[in-house]
1. I'd like the full set of residues that are surrounded by fewer than 19 Cβ atoms within 10 Å (Cβ to Cβ) and in contact with a strand residue (DSSP E or B) (Cβ under 9 Å, 6 or more places away or on another chain), limited to the range 7-48.
2. Go through the range 137-154 and give me each residue that's touching a strand residue (DSSP E or B) at 6+ places or on another chain (Cβ under 6 Å), more than 14 Å from residue 118 (Cβ to Cβ) and not in a loop (DSSP other than H, G, I, E, B).
3. From the residues in the range 530-585 that are surrounded by fewer than 19 Cβ atoms within 10 Å (Cβ to Cβ), part of a loop (DSSP other than H, G, I, E, B) and in contact with a helix residue (DSSP H, G or I) (Cβ under 7 Å, 6 or more places away or on another chain), which one is modelled with the lowest pLDDT?
4. Within the range 52-85, take every residue that is assigned to a helix (DSSP H, G or I) and out of contact with any helix residue (DSSP H, G or I) (no Cβ under 9 Å at 6 or more places or on another chain) and give me the one that is surrounded by the fewest Cβ atoms within 10 Å (Cβ to Cβ).
5. Condition first: surrounded by fewer than 20 Cβ atoms within 10 Å (Cβ to Cβ) and more than 34 Å from the chain's Cα centre (by Cα). Can you find one or more residues in the range 359-368 that meet it?
6. For residue 394, indicate whether it is touching a helix residue (DSSP H, G or I) at 6+ places or on another chain (Cβ under 7 Å), closer than 20 Å to residue 510 by Cβ and modelled with pLDDT under 95.
7. Could you check the range 302-318 and list, in sequence order, the residues that are under 18 Å from residue 342 (Cα atoms), in contact with a helix residue (DSSP H, G or I) (Cβ under 9 Å, 6 or more places away or on another chain) and in a loop (DSSP other than H, G, I, E, B)?
8. Of the residues 111, 121, 107, 182, which is in the same structural domain as residue 20 (by TED's automatic domain parsing), more than 19 Å from the chain's Cα centre (by Cα) and on the phi > 0 side of the Ramachandran plot?
């Protein structure tokens, strides 16, 4: 993004863009006035890109505290006649669903586009939900781009559709669209900025029951009109071929095109861009020319279920999820195999072995991650503990040998689950982990609820000064906005105090002995205790030049691999290699039975020196 001016007024110029940057460019070409989002892979770069050019183009871009708030900010702008965009990952739409469903009733004034970035294959998510189903549930129009060029064009078009039908429009993408790169041709930038003006219309915008009842009827009539539009829209593409057909949408369109070429076949193909409401008339026209159809789509049989009713009345043989996998993402090989089975062809997916066997790369916390120190300090306390967790880098605590994460459901759930465990009668100590951004997103109501209902548990706010897992986006705890302006910085301790927590203390995780003492006090407290673990993310401290000199290993004191390096856990069981097995840090390695520090990775946090039972790892003073 740094090398490409996404805001340049250069129609016809071609750039090689990330799909998310193409969406941002499309929004700018549409004259977006307000953009709001909560970071979440694979959607984060949309707002990142918009924020980079917001001041220059004179629109507002913000990181909101959660997806519900982001959509509501966009709604306020839209009600005022300004075009607005809200961006989030697929599970974020769950958070925003409350305002979304009623927004479909009230409709919009300025065009409003909701970017829902779905994640087939669970690259960075806790589920694979298919948000085409939510578009249908909310009764809003849904567009599915299939590459970066269509991402730009569909975004721009989505604003126009939104205003034509006065409805929010979902731009449903997937990871392979958001994070793919491709050639994108720029369109024209708008000449004028819209002025905001809110015109009162309480019968429309105040959804009390007497107003909402007629609005639901209006919405249903809009839906009928949108279905007619979907069939006539030039966004969908249909081509004639042999007497069998393939219906597909989204990124699957690309796989189908390549599979058809490689299999050297000539099917009739319907490529759906408007997936809700489905283009009924176009599908009916397509079915008239074929005897059998294969529906190729990722995740749920969304289109298949729609087509099935139409195909049955025409005696058209229909296949879909009986041949196409229902979970994980598709690729060309999986689609080729499904098409071959559909046609009865003799085809077997080729083995795609790499010429070199690559080493495994399991997920692991970064060198110098302060979460590792928090987990180590807690495990030094001998009490039995249960660890309800949350969404973030710290979820990696579930891995061996840390094993300090027992649940992970959704944003903010760890605190609520911990309270539920206590109320159910669990006697073990309950320690709920939550990150700084996640606490502001959904943790505050959960903390209030735990205090109000007199739970007995400890909440650890892991404040690493960033929304680290999604790209270090700022949040209200940092005192800076998405566009770099200074603003009010919230204080986590003051928030916890306002929520009613009776015990609140801050710790520096790498001051292990002091951290152990504070955690012990928190566990002994009767009621809800809050510990705020303050330590900037090691990746941000590197950028600031704050990494310390790596320690050195005294090979004479380092016990080699003959079972001389033993350490006990809290239950009295002994293990080998304390430095590696107590705090699995990627900067610690072994050669000829001795540990050594990879200075290119080491941050100088000295946690390994603290855990070494033989005092073989020594701090190196800068003056040394």
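1. Of everything in the range 7-48, those that are surrounded by fewer than 19 Cβ atoms within 10 Å (Cβ to Cβ) and in contact with a strand residue (DSSP E or B) (Cβ under 9 Å, 6 or more places away or on another chain) turn out to be 11, 12, 13, 14, 16, 41.
2. Result: 141, 148, 149, 152, 154.
3. Among those that are surrounded by fewer than 19 Cβ atoms within 10 Å (Cβ to Cβ), part of a loop (DSSP other than H, G, I, E, B) and in contact with a helix residue (DSSP H, G or I) (Cβ under 7 Å, 6 or more places away or on another chain), it is 570.
4. So the first thing to find is which residues in the range 52-85 are assigned to a helix (DSSP H, G or I), and the list is 52-57, 67-79.
Filter once more, so that each one left must be out of contact with any helix residue (DSSP H, G or I) (no Cβ under 9 Å at 6 or more places or on another chain): 54-56, 73-74, 76-77.
Values: 54: 22, 55: 13, 56: 9, 73: 19, 74: 32, 76: 15, 77: 28.
Residue satisfying both the conditions and the ranking: 56.
5. no
6. Criteria met by residue 394.
7. Hit for the range 302-318 is 316, nothing else.
8. 107 is the lone residue from the list that is in the same structural domain as residue 20 (by TED's automatic domain parsing), more than 19 Å from the chain's Cα centre (by Cα) and on the phi > 0 side of the Ramachandran plot.
The values are calculated or read from the model by the stated rules, or taken from the named source; none is laboratory data. As the structure is a prediction and not an experimental result, all values here were calculated from the model. Cβ sites come from the backbone with ideal geometry, for glycine too, and all protein chains shown count toward neighbours.
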